[in-house]
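Q: I have a structure here, written as structure tokens, and I will follow up with some questions on it.
The values are calculated or read from the model by the stated rules, or taken from the named source; none is laboratory data. Remember, it's a predicted structure, so these values are computed and weren't measured experimentally. Every residue, glycine among them, receives a Cβ derived from its backbone with ideal geometry; neighbour counts consider all protein chains shown.
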Amino acid sequence: MAPKVANFFQDGAAPCDTALVIELFHVAKVYPDAERSALHDVNLSIAKGEFVVLAGPSGAGKSTLLRLLFCAEQASSGQVHLMGKNLARLTRSDVARIRRTIGVVFQDFKLLPELTVFDNVALALEVQGRRRDDITRRVLSVLKEVGLAHKTHQPATALSGGEQQRVAIARALVVEPAVLLCDEPTGNLDAERAQEVLELLMTAHVRGTTVIVATHDPALLAAGRRRVVVLEGGRVVHDAPAFGELPSLRSLRDLRDGRAA
Amino acid sequence: MMLAVSSSVLKHGLRSLRSGGLPLFFAVLMSALGLFSMTAFGTLLWNFRTLAAAVSESVSAVAFLDVDGAAAAEEARATMQLLPGVERATLMTPEEVLARARRGLRGGAAKDVAGLQMPWVVEVIPRVTLEDSAAARTALVTAIEGIAGVDEVAHPGGELSRVDALLRLMYGAGAFLAVLIALVVVVVVSNAVRLMVLVRRDEIAIQKLVGASDAFVAAPLMLSGIVQGTLGGVLGLVALGIAHSSLAHVVSVALSGALGTIAFVPLPPLMLFLVVVAGGGLGAVGAALSVWRHLREGS
């Protein structure tokens, strides 16, 4: 039986299952040519349905943590469990299978420039071997949700940065992921576009998706109903539940700018 | 689901081909050149077999009989015809033997043989195959000698041995050429696919990111390798067709002469089809090598 954690979302706005979807036990990550560990003795548990913001200065280990979660890297020591599976023990086909249940959004969108908006989003379903009519229905539905139904057949590169990020989010959401991992999703966007992206992430969260966002963005850090985990020097230095004790906005901005909080 | 996967493979395979550019063109060209050379050599070999058969007919074994009457001679001929390795056994009467002897001699010598009593003779044409060997032919001569009524067997086995050796040499050279060309095609297609993989590495990374299996990544690239090899095979055959139509007559004239008219024929359609299939197969092997290497490096 899955272990239980406290429900951080007390106001009833977001559903939160208490089953753990992510668990890190004494995780360290050392890159071969790095002077110090990217992650050092990180322990973290994330329950189903949580909205977790990973904050911290550049080089704190936020992206490394996300890379461990979507199996782009393996921990040097410790264990990473995703939906009950120890990621160190996965075969190549297991990795492919588990990636189909998680959505990933990057700062640089990672879209295929020569494909249309539709095809970029459809790719996530094609790799699952879905039927063409099912793909069409789901892609059109998710593009409508992210407000890009009118740009379905445009090449991805013809879109603005904010629109491209919405396509990336649509690609992540179209598989109805259990976990959505976002690495600086608003890093390349202005405030207005960042707000649109934030709203999409919150919508996914409200539907029950576990959302983990690595960010410097104060707007994301200040968003309601989230848990903030602050990393610094590869360690978790602060883990505040939603509506719990939070670092001040100023200290978070200091973190963003690389100054100690 | 299979249909959905096939359409995805086709879609991404076509994109791979479009991204192939110059390396793809070069790979198709090299495959075409290689398969053209291989098929051209195969055509030569195919026609040389016909030539070898004609040579074998000119170096038939001759069995001189010591029999009384046509019935016994025919019985000996029929026995010879049933021996394995005999293509045809023809009975010649003493008169026919004498007439042939006179045709082969000139002037006074021809006059000298007039009135000679010639024996009944059976001319035996052995089958010439790659499997033939000097030992097999010696065994055939021994078997003929063992037949009742056979007095002596004359067999110029040296010529057949030389034809046999030449056939073996050509088969060996053909096999070597085939292996060499297969390697060249595999390497060229493999490198073309490798370049395609490099051009599309970001796309492959994104496919893997959204959960693509190794098979999903590999299938379109394999498809492009198969298309390259098959196109190479088809182009090679087109070139061979052009070469054959221009040179067949010249080669036929060169080969014809003492052995009669030798038609320089193309390979049978089934073998030509197999060349195209082989091209596709070699393309698949080349693509598989590159894809496997990329996936292994990426793991």
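Q: Tell me, please, whether a residue that is in a helix (DSSP H, G or I), modelled with pLDDT under 80, buried (at least 16 other Cβ atoms within 10 Å of the Cβ) and out of contact with any Gly (no Cβ under 7 Å at 6 or more places or on another chain) can be found in the range B:60-67.
A: No, the range B:60-67 contains no residue that is in a helix (DSSP H, G or I), modelled with pLDDT under 80, buried (at least 16 other Cβ atoms within 10 Å of the Cβ) and out of contact with any Gly (no Cβ under 7 Å at 6 or more places or on another chain).
To keep it simple, each residue is scored yes or no on (1) over 23 Å from B:Arg201 (Cβ atoms); (2) part of a helix (DSSP H, G or I); (3) away from chain B (no Cβ under 14 Å).
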{"site": "A:Ile98", "(1), (2), (3)": "no, yes, no"}
{"site": "A:Phe109", "(1), (2), (3)": "no, no, no"}
{"site": "A:Pro113", "(1), (2), (3)": "no, no, no"}
{"site": "A:Leu125", "(1), (2), (3)": "no, yes, no"}
{"site": "A:Val139", "(1), (2), (3)": "yes, yes, no"}
{"site": "A:Val142", "(1), (2), (3)": "yes, yes, no"}
{"site": "A:His153", "(1), (2), (3)": "yes, no, yes"}
{"site": "A:Val167", "(1), (2), (3)": "no, yes, no"}
{"site": "A:Glu176", "(1), (2), (3)": "yes, no, no"}
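Q: Which condition number in (1) out of contact with any helix residue (DSSP H, G or I) (no Cβ under 7 Å at 6 or more places or on another chain); (2) more than 14 Å from chain A (Cβ to nearest Cβ) is the one that B:Ala205 fails?
A: Evaluating B:Ala205 over (1) out of contact with any helix residue (DSSP H, G or I) (no Cβ under 7 Å at 6 or more places or on another chain); (2) more than 14 Å from chain A (Cβ to nearest Cβ) leaves (2) as the failure.
Q: Just checking, how many residues over the range A:76-96 are on the phi < 0 side of the Ramachandran plot and either of a type in the set (Val, Ile, Thr) or assigned to a strand (DSSP E or B) (or both)?
A: 9
Q: Go through (1) at the interface with chain B (Cβ under 10 Å from one of its Cβ atoms); (2) in contact (Cβ under 8 Å) with a residue 24 or more places away in the chain for A:Ser93 and report which single condition fails.
A: Going through the list (1) at the interface with chain B (Cβ under 10 Å from one of its Cβ atoms); (2) in contact (Cβ under 8 Å) with a residue 24 or more places away in the chain, A:Ser93 breaks only (2).
Q: Go through B:Ala175, B:Ala219 for me and flag whichever is within 14 Å of chain A (Cβ to nearest Cβ) and either out of contact with any Asp or Glu (no Cβ under 6 Å at 6 or more places or on another chain) or not in a helix (DSSP H, G or I) (or both).
A: Just a single option satisfies the conditions, and that option is B:Ala219.
Q: Name the residue that is farthest from B:Leu51 (Cα to Cα), counting only residues in the range B:142-169 that are assigned to a helix (DSSP H, G or I) and modelled with pLDDT of 85 or more.
A: The qualifying residue farthest from B:Leu51 (Cα to Cα) is B:Glu145.
Q: Give the residue, chosen from A:Val52, A:Val105, that is at pLDDT below 95, touching a helix residue (DSSP H, G or I) at 6+ places or on another chain (Cβ under 9 Å) and part of a strand (DSSP E or B).
A: Result: A:Val105 is the single residue among A:Val52, A:Val105 that is at pLDDT below 95, touching a helix residue (DSSP H, G or I) at 6+ places or on another chain (Cβ under 9 Å) and part of a strand (DSSP E or B).
Q: Look through B:Leu169, B:Leu198 and report the one residue that is over 30 Å from A:Val105 (Cα atoms) and more than 14 Å from chain A (Cβ to nearest Cβ).
A: The match here is B:Leu169.
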